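Read the figures in this text as sums done on the coordinates, not as results from a lab. Fair warning: this is a prediction, and the values are worked out from it, not measured in the lab. When we count neighbours, we look across all protein chains shown, and the Cβ atoms used for this are built from the backbone with ideal geometry, even at glycine.
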Amino acid sequence: MLINPMSGGVDGNAETQARAILDEYEVEADVYLLEGDGFQQTIDEAIAAKPNALLVLAGDGTARSVATLAGDHDILVAPLPGGTMNMLPKALYGTGDWKKALRRTLEQGEPRPVAGGAIGDEHFYCAAIMGAPALWAPAREAIRSGKIGKAWSQARLAFRRAFSGRIRFSLDKRQEQKAEALVLVTPLISKAFNENDPGLEAAAMKTSDAGQALRLAANALFTDWRNDDAVETTRTREVKVWGRSRIPAVIDGETIPVGREATIRFEPHAFTALALPADTVDDVS
């Protein structure tokens with residue numbers, strides 16, 4: 001088990017609490033802290049040891065990175081909720097409480113193939129937002145944290161930029177299209193397709209007037225803008241995106257650099273999680 005004591009959802013007692021839970025279930029496990037200069041080396045050594053399973057309690061970016069490495073080396077991985085958004089852990093364990101997620105993993109966990117997507121060397125397992133709505137992510141997080149003043153300033157900045165330029169994209173080498181943004185959702189969390197569907201859910205946001213833009217901005221802050229009437233949804237395996245300037249991009253809740261163009265590809269089996277069965281996650285909280 002790897003623990004980053006400095007991540008947003010982990011406190012100083014995490015190592016002691018984790019060891020106690022593992023002992024309670026009589027699991028033979030080594031627990032290591034991810035710290036300082038040895039951060040990446042500890043991860044590399046854990047992968048090289050080829051454990052039966054690799055439990056990760058860390059931020060969203062670290063969990064995503066370790067899941068990718070585990071997939072490359074055919075190691076079961078349990079990315080527990082130790083970050084701020086915890087999109088992947090919540091999809092796999094139905095909770096943002098890492099201690100609950102760990103117990104559920106030890107009691108009910110089974111191998112579960114997880115599909116995903118990749119933008120160059122960056123992998124995502126829940127969703128990628130390309131274009132304007134990626135600018136709303138900081139405002140939404142500020143609202144969740146109760147920081148209304150910060151949320152307002154972030155929202156003003158986002159709205160000034162959000163509808164100033166469109167991105168161009170092509171799905172599976174088909175005809176070029178334009179949109180304010182494109183969201184690519186993996187089968188793990190897609191509500192339009194099931195987990196076995198061979199592709200990403202592509203939701204294109206297209207507006208025709210300022211009224212639609214304002215409505216979509218409100219939805220981006222408070223609900224799921226993919227449910228808006230101005231959004232078109234389809235399935236795809238490869239996407240090319242380009243724009244006149246650098247494209248705002250967020251994957252699994254984290255901002256990443258993309259540049260003016262990018263190719264996104266579907267990964268039918270990105271890694272194997274030690275997680276709850278897919279049909280039971282919605283039944284827990």
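A few remarks follow.
- Spin-label model, ARG246 to ALA29: label points 7 Å out along the Cα-to-beta-carbon direction sit 3.9 nm apart.
- FRET efficiency, GLU238 to MET6 (Cβ-Cβ, R0 51 Å, nearest 0.05): 0.90
- Filter on LYS173/LYS206; LYS90/LYS240; LYS206/LYS240; LYS90/LYS206 - keep pairs with C-alpha separation over 26 Å: LYS90/LYS240; LYS90/LYS206
- A cut-off of 5 Å between modelled amide H atoms, ignoring neighbours fewer than 5 places along the same chain, links PHE271 with VAL114.
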